[in-house]
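We did not get these values from a lab; they are worked out from the coordinates using the rules stated. This one's a predicted model, so the numbers in the text were calculated from it and none came from an experiment.
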Amino acid sequence: MENVLRPVIVVGGSVALTLLMGWATDLLLRKANGTHPETPLWGLLRRGRIPYQFLLCAALLRGSYDQAELLQAHRTGVGRALTLVLIGAAAWLVVRIAAAVVETTYTRYARAHHDPARVRRVRTQVTLIMRVVAAVVGVVAVAAMLLTFPAMRAAGASLLASAGILGIVAGVAAQSTLSNLFAGLQIAFGDMVRLGDTVVVDGEWGTVDEITLTFLTVRTWDERRITMPVSYFTSKPFENWSRGGAQMTGIVYFHVDHSAPVEAMRDRLRDILRACPAWDGRAYGLQVTDSTPTTMEVRALVTAKDANDIWTVRVTVRERMIRWLTDEHPYALPRVNTADAVRPPRVDGRTRHDGAARRTHEPPRTGRG
């Protein structure tokens with residue numbers, strides 16, 4: 001009877017104590033979350049209740065397994081398995097706690113600062129920091145698991161002896177990966193590009209959608225995703241339209257006839273912008289910037305609060321201005337001149353062209369009469 005009750009008491013007691021402690025801890029976190037609603041820390045810590053319970057259960061079972069006298073023939077294997085679960089649960093819990101602390105810090109920062117550029121910069125740094133923390137904790141946990149096996153500890157000396165050669169080989173083999181890794185850290189703390197920035201890379205306009213330690217994803221205006229290594233942004237030039245502020249200035253070009261009413265076009269541009277909600281009201285202008293034998297180039301300058309609005313303003317101005325010229329001033333649109341060429345003026349009853357042609361084709365005179 002004792003052989004049956006002892007394992008039941010040990011295992012059942014460990015599971016019951018784990019559930020009780022998990023329930024008590026979760027109750028305390030819920031009360032703390034209700035008492036301090038200004039911080040999301042306590043609510044975020046509740047996400048770690050599952051790894052917390054795994055850690056408690058594994059620790060209790062590992063400490064009381066010898067008293068259970070269960071599966072004595074596999075005692076070593078069961079003990080090692082519980083140790084591995086304990087290490088994995090501890091690593092899982094550490095990552096959850098770190099994520100809760102970092103997310104709480106970011107939330108407080110976002111509430112205190114209303115500059116979108118600074119908030120996006122901190123968000124980028126927070127995301128990459130969490131990835132680094134998760135990677136470091138994972139590597140340490142795997143190393144700790146491997147060291148629980150005696151064969152791994154015995155092979156440690158030989159591994160350390162060849163660490164120099166392996167390091168050189170690994171460095172050469174993973175050169176591109178390491179460069180991307182350091183480029184990701186440089187982007188995170190160098191404030192080169194942030195989540196939500198509007199960028200132009202390889203002629204593609206889009207918004208930074210995801211940044212990791214090795215690659216970066218840009219979401220284009222037509223919902224495509226462009227994925228490229230982060231080393232691209234540290235080795236090649238690119239346009240960042242959100243750098244230093246989201247406000248933008250746009251240009252719309254018109255090719256019109258030389259007789260186009262420029263003053264009336266300025267007045268019409270002002271009316272179009274006043275009726276366009278995307279215009280931020282900062283500035284506008286219209287100037288003649290170039291002239292060709294057939295057309296005149298007119299440039300309209302407009303402003304908006306961000307890249308999306310500047311696109312809306314530009315297409316609105318272009319569409320409505322062309323429609324207005326078509327309806328009110330059709331003569332101002334570009335035309336192809338098909339009239340007859342104007343002949344040169346006549347001199348002594350002959351055109352200069354004819355006289356020049358005759359003189360050109362006359363044979364040279366000699367000295368004889």
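Can you list residues from other chains, or at least 5 along the same chain, whose modelled amide H is less than 5 Å from the amide H of residue 306?
248
Evaluate the relative contact order of region 212-299 (contact order divided by residue number), counting alpha-carbon pairs under 8 angstrom at least 6 apart; express in whole percent.
Working: 67 pairs, mean separation 21.1, N = 88.
Reported as a whole number, the value is 24 percent.
What ³J(HN,Hα) values, in whole Hz, does the Karplus curve 6.51 cos²θ - 1.76 cosθ + 1.60 give for region 215-220 when θ = phi - 60°, with x put for Gly and Pro?
Residue by residue, region 215-220 yields 9, 9, 10, 10, 9, 7 Hz.
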